[in-house]
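The values are calculated or read from the model by the stated rules, or taken from the named source; none is laboratory data. No experiment lies behind these values; they were computed from the predicted model shown. Here the Cβ positions follow ideal geometry from the backbone for every residue, glycine too, while neighbour counts run over all protein chains shown. Just the protein is used for accessible areas: all its heavy atoms, side chains included, with ligands, DNA and RNA removed. Shrake-Rupley method; radii C 1.70, N 1.55, O 1.52, S 1.80 Å.
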Amino acid sequence: MPYDPISKPHLSSYKVQPNLPDWDTARKSHSWWDIYKELDWLPGGGLNNAYNAVDRHVVKGFGDKLAMIWAGKNGEEERYTFREFMEHSGKFANALSSLGLKRGDRVFIFLDRLPENYFVSMGTLKAGGVIGPLFSAFGPDPVRDRLQDSGATILITTPDLRKKIAAILPGCPALKHIIIINKNGRSKEPLAGGDLSYEALMAKAPADFKCVPTSQYDYAIMHYTSGTTGKPKGAVHRHQAVIQQYITGKWCLDLRKEDIYWCTADPGWVTGTSYGMMAPWTNGVTQVIYEGGFGANGWYDIIDKYKVTVWYTAPTAVRMLMRAGEAPVKSHKLDTLRFIASVGEPLNPEAVVWGNRMFKQAIHDNWWQTETGAIMCANYASMEVRPGSMGRPIPGVEMGIVDDNFDPLPPGKPGLLVVRPGWPAMFHTYWNRDEMYNSRFKKGWYITGDTAHMDSDGYFWFQGRADDVINTAGHLVGPFEVESALIEHPAVAEAGVIGKPDPIAMEVVKAFVSLKPGFEPTEQLRRELIQFARQKLSAAVAPREIDFLASLPKTRSGKIMRRLLKARELGLPEGDTSTLEDD
Ligand code: ATP
Ligand code: MG
């Protein structure tokens, strides 16, 4: 049995002011139970995240409000109100029930960012199933691994994606049904024998669906982690995670009813479900969904055209926008933006400075992980942003820094970043890996796997992944501070830093750098960068070696894979690369 610290939730007696609590007041006056009451519970005490994201707005008289504006990759546009969303997801829930879906059955979703992705996700949740989102750029092997590990019984995909993974399907015996979505007849591919047509199922399913009375403890979503440090593991979340997703939508993204919100993350990653589905929709906010990929002009077009007000993105995207420069910013009208946030990797201070110049506001970094299910630590709208810091823990969440024996360290001292168990969105296990799950709890803390320090005002400063920290001649160096120093140089677009084994210093700092357009990888530039880093950091911490790369290896969620840089440098096996982005 997984260890269950949630049965001891945080309790205190005051009330938080929704939207922008003053951090210090809110922290002292927080009760999760007050927030539980802001959601709608089902008769008999059940809680269902999709009901709270969709149906409840219709029940409360907001059915005509726009839930989704979909911008297709070929220029298509579709708009759906909360009522239409309820009906489409209701139909799909009915279709699943008629296929015999039982509470807790896993339904895996291998789709692009189509409106149907959201209909089937919400429909499955309303029907009591557990969704397993898969990033559509995955090749056959990562899909097979996840289907086999989870024992999914239903797979939902498109004709093209099905073709891509056809060879692995016979190896997934638990799969009972494959449902094929042929969006607007995009594909001429005939339905394979035994497959079910989504369009046909929907045509005969009634729209009225009474949400299955799931308990707050029922499993709702399983996400395989990004695989930045190792093999992805299936973190399982319960319906009650929605409580924290809802409130952090208000607190950390400052969502308000009138907002047009855009989360650039794909639902294949946890940001794309917690903040690309649950947070905006439980707050009744209209969300833009863009099917296309990254491109500075294409992205600014979306903000300009749909008058986006709140934008949640990732450091890798910000760095790509920085690389594209000022011209595309100038040629768009971006002044509707009033709140920008970022997650997934440390946000380099230089990126915050750049954001301030381009958008006349700070980019608010926040920290969380697949396992935490929702934002844990954030630069709130009401706080002073300290560039390079990931902010302070949200009310009700206690974070700490501990040493290798899991004993607390004082402010200023770097160590392991830990969280007191019991936050509502906490994962409940790693699927089929209870032992690994249990090993993440020590001395009453959840061990995040990251290292950081806390300053005397309670701001947390990310240092690195525990595995990535470099020990050079007795100095502990976080790769992030070296990377951040390097990207302050005008020639540098991205930097990835590793520790390279060294007979004398134990490890030396080695950097891999990609350059901005117009710069050449010369010996002179290499020397200049080393000199530049020495001035900013110190000779002990600055990179001893720098290699130029056209681009750095990244996960599909956009994170620099330092372990891969290291394996390649040392000629070691590359390990699990299922989430590696194509070059
Ligand atoms: P795996 O656990 O499989 O190696 P992963 O840790 O990259 O993959 P995620 O859960 O998607 O998978 O990422 C969470 C991690 O991302 C955090 O533990 C942290 O290392 C990093 N991260 C997220 N947000 C921030 C942030 N604001 N600042 C610094 N690091 C961040
Ligand atoms: Mg992780």
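Here are a few things to note about the model shown:
- HN-Hα J in Hz across region 341-354 - Karplus 6.51, -1.76, 1.60, θ = phi - 60°, x for Gly and Pro: 9, 9, 8, x, 8, x, 8, 4, x, 4, 5, 5, 4, 4
- Val353 accessible area, 1.4 Å probe, all protein chains in place, Å² to nearest 10: 70 Å²
- Helix axis angle, 82-98 relative to the chain longest principal axis, alpha carbon, degrees: 70 degrees
- Amide H partners (placed H, <5 Å) of Gly422, local residues excluded: none
- Accessible-area value, Cys377, 1.4 Å probe, nucleic acids and ligands omitted, Å²: 0 Å²
- Integer Hz, Karplus 6.51/-1.76/1.60 couplings in order for region 523-536, x for Gly and Pro: 4, 5, 5, 4, 5, 4, 5, 4, 4, 4, 5, 4, 5, 6
- Peptides 478-488, 116-126, 446-456, 74-84, ordered by how many other C-beta atoms sit within 10 Å of their residues on average, highest first, read 116-126, 478-488, 446-456, 74-84.
- Close amide H contacts of Asn48 (hydrogens built in the peptide plane, cut-off under 5 Å, sequence separation of 5 or more or a different chain): Leu42.
- Built amide H within the under 5 Å cut-off of Gly391, gap 5+: Phe460
- Whether region 470-570 is rounded, prolate or oblate, judged on the alpha carbon gyration tensor where a/c under 1.5 counts as rounded: oblate
- Electrostatic bookkeeping for Asp467 treats Lys and Arg as +1 and Asp and Glu as -1; over the other residues with beta carbon under 12 Å from its beta carbon, the sum is +2.
- Residues Lys60 and Lys307, FRET efficiency given R0 of 22 Å [Cβ-Cβ distance, rounded to 0.05]: 0.30
- Helical contribution to [θ] at 222 nm, DSSP H n ≥ 4, -39,500 (n - 2.57), averaged over the chain, rounded to 500: -7500 deg cm²/dmol
- Whole-Hz ³J(HN,Hα) from phi, Karplus 6.51 cos²θ - 1.76 cosθ + 1.60, for region 494-504, glycine and proline x: 9, 9, x, 10, 10, x, 9, x, 9, x, 9
- By average C-beta atoms within 10 angstrom, highest first, the peptides 236-243, 401-408, 492-499: 236-243, 492-499, 401-408
- Normalised by 2.2 N^0.38 Å, where N is the number of residues, the C-alpha radius of gyration of the chain stands at 0.94.
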